[in-house]
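*Asks:* Below you will find the structure I want to go over with you.
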Amino acid sequence: MSKFLAPKMITFSAWDYVVFAGLFLISAGIGVFFAIKERKKTTSADFLVGGKQMTCVPVALSLTASFMSAVTILGAPSEVYRFGASFVMFFIAYTFVVVFSAELFVPVFYRSGITSTYEYLEFRFSRPVRYVATIMYILQTILYTGVVVYAPALALNQVTGFNLWGSVFATGIVCTFYCTLGGLKAVVWTDAFQMVVMVVGFLSVLVEGTIQNGGPSEVWKIARNGSRLDIVDFDVDPLRRHTFWTIAVGGTFTWLGIYGVNQSTIQRCISCKSEKHAKLALYLNLIGLWVILVCAVFSGLIMYAHFQGCDPWTAGFISAPDQMMPYFVMNLFEKMPGLPGLFVACAFSGTLSTVAASINALATVTYEDIVKNLFHNISDRKGTWISKGLCVLFGALCTVMAVVASFMGGVVQAALSIHGMCGGPMLGLFSLGILFPWTNWKGALGGVLTGFVMSFWVAIGAFIYPAPAIKTLPLLLRTDQCILLNVTANSTMSTPLLTTLSATTAPERSVLEDNWYSLSYLYYSAVGYISCLIVGLLISFITGPERGKNIRPLLIRPVCNLVCFWSEKYKKKCWCGVPHDEIDEELDHNGLKKDISMTSLTDQPEEQAYDKDSIRKPPPGYNEEEKSYTNTSVDKECRM
């Protein structure tokens with residue numbers, strides 16, 4: 001089917017603005033609703049973690065909405081359009097991520113009664129380790145959130161004419177508004193609404209795009225003929241951009257680093273009223289991730305069928321691949337007022353959910369890890385107002401960061417990778433604490449710093465010296481059917497992209513550029529993780545391994561039992577003296593240690609000797625049979 005495209009901008013109609021404005025009004029309204037409903041609850045626990053009384057369904061929808069930012073909604077279909085449907089293999093990585101998060105990390109965080117994930121690092125290691133991780137998290141989240149706001153706004157502005165700074169400031173103001181008024185409950189329920197908007201927006205594209213391109217069988221045929229359905233590639237070369245191994249293995253490390261130990265995710269899990277609800281929320285969230293992934297992949301295939309003979313990016317109608325999806329939507333719904341606005345609302349739902357979750361997580365981390373350590377004996381009412389003030393502060397900072405991102409040019413692409421680059425070392429740091437009882441605080445600190453250096457080195461090097469096209473393997477993009485306004489297509493327009501690439505003489509590259517800097521971007525997180533583990537364990541052994549009697553059993557996850565179950569001798573050796581037999585017996589029955597009778601806890605180093613007695617009993621309000629919290633003031637009382 002020939003496509004006659006003109007490089008003109010199709011602007012929003014009045015109905016599009018009405019639909020888009022409706023998203024912001026409903027989101028703000030949810031914040032007002034919870035501000036009124038929860039006005040009598042004044043503790044910081046109510047504001048930051050919803051009083052630990054949330055249920056699994058809204059939390060699952062919130063996790064999915066936050067996980068799938070506008071960068072994913074706009075970028076994933078473009079990825080499929082250019083490189084094929086191998087992107088669908090991320091369902092394997094998502095599965096591993098959710099299983100590891102639910103079975104390894106969440107139980108430790110939930111049973112510990114913490115509010116900030118970085119509290120764990122002080123309980124397990126020392127206060128300096130906690131502060132280093134907290135500062136790293138705050139800096140990279142502000143930067144990432146600013147880019148999440150700016151990047152989709154820029155793409156939509158250049159394609160639809162949608163006001164750039166109007167959308168940037170509207171996003172920052174609305175997110176700050178309902179985060180500040182309603183706290184975590186407003187964030188979770190607004191995310192749930194935005195998740196519905198995202199799915200409806202995708203479905204409208206899938207249905208209308210399939211109809212306009214001849215039905216499902218025709219779309220499938222065109223995609224197969226264009227090699228877009230060559231999904232599985234078992235090449236083990238780590239320099240290849242997307243193969244089965246880079247996606248399944250590298251993708252797991254990448255997303256586990258920004259999901260399994262990320263404050264934004266864990267905060268909503270520990271807000272659930274029971275550990276069972278927290279785990280169920282993660283598994284329900286996995287279904288949501290699969291739904292969004294399938295929608296994005298099929299949107300990319302339909303987009304390829306629509307533009308099979310005239311690629312608007314190669315033809316110069318748009319200036320960046322991220323503009324492909326908005327350009328496709330504006331052409332698809334050109335004669336259907338309101339539907340372009342629905343898809344833009346879908347894209348901005350991803351932005352709003354990600355930004356709101358980040359603002360709430362930043363406020364929580366700053367309050368729990370910094371403010372409460374600097375100012376003691378803060379009243380509940382004052383703590384709530386401080387938390388709200390922090391939401392306003394971080395909302396403003398994220399909006400300002402979006403403005404700064406506009407001056408970064410090509411660096412924006414590098415900034416989008418920072419989340420993953422930081423995720424690997426963070427994942428390694430928590431793994432050192434949970435999986436390796438002999439790791440000491442010096443090893444943890446040295447490991448995480450080394451992990452940051454290694455992951456940033458390879459990622460920044462790859463940005464400066466991009467991998468050659470032979471490793472990224474872009475597929476054929478045709479322009480032979482493009483017809484400009486009143487201009488016939490010339491011979492240069494029909495030159496396939498790969499032909500152009502092959503005709504270009506590649507510059508001479510060093511061994512470092514051809515190997516280390518050409519590593520698939522999905523392995524950046526793995527580089528940081530492995531570096532953190534190796535250096536952390538080495539430093540721990542050199543400086544003296546941690547003694548088991550100094551480790552609180554609730555801070556260790558008994559995964560070693562899977563290997564050493566057949567021998568008490570080796571099980572004890574794996575646990576380095578941690579009384580695993582006592583905690584295992586209690587966890588089998590109640591899910592929480594009743595009473596850790598360990599006089600050796602009093603022998604802990606001075607930097608770890610704080611609130612030792614409270615770890616010996618469940619936090620007040622914790623129901624051992626149900627593994628749930630019933631006391632909405634648990635945040636105040638369950639300090640360890």
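*Asks:* Peptides 344-357, 454-467, 129-142: what's the order by average Cβ count within 10 Å, highest mean first?
*Replies:* Packing order, densest peptide first, comes out as 344-357, 129-142, 454-467.
*Asks:* Further, regarding this structure: Can you work out the accessible area per residue across segment 197-253, with the rest of the protein chains kept in place, probe 1.4 Å, in square angstrom?
*Replies:* For segment 197-253, the solvent-accessible area averages 46 Å² per residue.
*Asks:* Still on this model: Beyond 24 Å, how much of the Cα-Cα pair distribution for segment 265-372 remains, as a whole percent?
*Replies:* Everything past 24 Å amounts to 47 percent.
*Asks:* Here is a follow-up. Need one number: nm distance between label points at residue 21 and residue 334, each 7 Å from Cα along Cα→Cβ, rounded to one decimal.
*Replies:* 2.7
*Asks:* Order 288-299, 312-323, 244-255 from most to least packed using the mean count of other Cβ atoms within 10 Å.
*Replies:* By packing density, highest mean first, the sequence is 244-255, 288-299, 312-323.
*Asks:* Right, another one. For residue 227 and residue 287 in one chain, what is 0.36 nm times their gap in residues minus the Cα-Cα distance, to one decimal in nm?
*Replies:* Contour length minus Cα-Cα distance gives 18.8 nm.
*Asks:* Put +1 on the Cβ of each Lys and Arg and -1 on the Cβ of each Asp and Glu in segment 146-287; which of 170, 183, 222 then has its Cα farthest toward the positive end of the dipole?
*Replies:* 183
*Asks:* Here's another thing I want to ask about it. Which pairs, out of 221/335; 382/549; 185/276, put more than 30 Å between their alpha-carbon atoms?
*Replies:* Too far apart for the 30 Å limit: 382/549.
*Asks:* Relative to the compact globular guide of 2.2 N^0.38 Å, what is the alpha carbon radius of gyration of segment 150-220, as a ratio?
*Replies:* Relative to the rule-of-thumb radius for its length, segment 150-220 sits at 1.51.
*Asks:* Note the full-extension length gain between residue 163 and residue 511 as 0.36 nm times their separation in residues minus their Cα-Cα distance, in nm to one decimal.
*Replies:* Gain on extension, residue 163 to residue 511, equals 120.7 nm.
*Asks:* Would you mind calculating the gained length between residue 236 and residue 32 on full extension (0.36 nm times residue separation, minus the Cα-Cα distance), in nm to one decimal?
*Replies:* 68.2 nm
*Asks:* Something else about it: Going by average Cβ density within 10 Å per residue, which order do the peptides 543-553, 390-400 take, highest to lowest?
*Replies:* Descending packing order for the listed peptides: 390-400, 543-553.
*Asks:* May I ask you to list the residues of segment 352-380 whose amide nitrogen lies under 20 Å from a point 7 Å from Cα along the Cα→beta-carbon direction of residue 135?
*Replies:* 362-375
The values are calculated or read from the model by the stated rules, or taken from the named source; none is laboratory data. These numbers come from a predicted model, not from an experiment. No Cβ is skipped: glycine too gets one built from the backbone with ideal geometry, and neighbour counts run over all protein chains shown. For accessibility, only protein heavy atoms count, side chains too; no ligands or nucleic acids. Shrake-Rupley method; radii C 1.70, N 1.55, O 1.52, S 1.80 Å.
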